[in-house]
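So the structure is just underneath, and the comments pick up after that.
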Amino acid sequence: MNWYENMNLWSGFSEVLFTPERARAAAEVVASSPLLAFPPGSRVLDQCCGVGFFTEPMARRGYRVTGVDLHRELLERAAAVCAAAGVKASFVQADVREHVTPEAYDVVVNMYTSFGYFDDHEDNLQVLRNAHRSLAPGGRLIVDLLSKETYASWAGTPKIVDVPGGMVVMRDTILDDWARYRTDWTLVRGDRAEHASLICYVYSAAELREMFAQAGFEEIECFGTLDGGPYDARATRLIVRGIKARPA
Ligand SMILES: C[S@@+](CC[C@H](N)C(=O)[O-])C[C@H]1O[C@@H](n2cnc3c(N)ncnc32)[C@H](O)[C@@H]1O
């Protein structure tokens, strides 16, 4: 089994990944981000939506949102969050390497480093191609992730994150001359320790620009924050936006 197919990894470490603080931060960013401001009623596909941290506030902002994720349990949590907030969203259980709905969306988003998971670089590119095919002409793709440049400032420094009743120790190892990295996570609670590892591609801004172009996107731009700040030495994330051209 590939690491991202392992639901135990997502549920076991959901206390680190899917925290109330992250939910609040995502809601704030959706309410204020110029990069996430679309016309009311825009059709939005949230690739790898997880528990709906971006799906729910985007639906609340008046977009018609569909979340797609591999894991039913996470989709059920996302649907429950939307129901509790009184907003409508649709959910699809699918693999983003295969999920395509031709010209059905005005916007595709892929948030919080949900990209680069596949062992084969071509599969990662396929996710961008699927987004391009799923967009109506004039539509846009926004990918938000840790890039090679932003990751380089802290990769290699082990981190400890407190979780209720325990802690998670995270250690990163750079692989294949910076093409990929491995993260080893250990959750320690009482006298029990659980371990998980994941291996991802980590792309630079230049590499992602090239991949967006290969997938058919135009007007490709990079940002360092979801406020639309520049992708410069202070950037902590990379946000890439590309447009699917309208026919001439
Ligand atoms: C880091 S989480 C981010 C989730 C969400 N975007 C957020 O901001 O909280 C990555 C998500 O990707 C999903 N995922 C992993 N591999 C996938 C695949 N092949 N197809 C669809 N979803 C996948 C996981 O189930 C998980 O929910």
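The values are calculated or read from the model by the stated rules, or taken from the named source; none is laboratory data. These figures come from a predicted structure and were not determined experimentally. Note that we place each Cβ from the backbone using ideal geometry, even for glycine, and neighbour counts take in every protein chain shown.
Testing T236 on (1) in contact with a helix residue (DSSP H, G or I) (Cβ under 6 Å, 6 or more places away or on another chain); (2) outside any loop (DSSP other than H, G, I, E, B), one condition comes back false. Which one is that?
(2)
Working only within the range 7-39, note down all residues that are part of a loop (DSSP other than H, G, I, E, B) and either at pLDDT 95 or above or surrounded by 15 or more Cβ atoms within 10 Å (Cβ to Cβ) (or both).
Hits for the range 7-39 are F13, F18, S33, A37, F38, P39.
Just to be sure I understand the filter: pairs with C-beta atoms under 9 Å, separated by 6 or more residues or on different chains, first member in the range 70-99 and over 20 Å from F118 (Cβ atoms), second member at pLDDT below 95 and within 7 Å of the ligand (Cβ to nearest atom). Which pairs pass?
Qualifying pairs under 9 Å: E73/W10; R77/F18.
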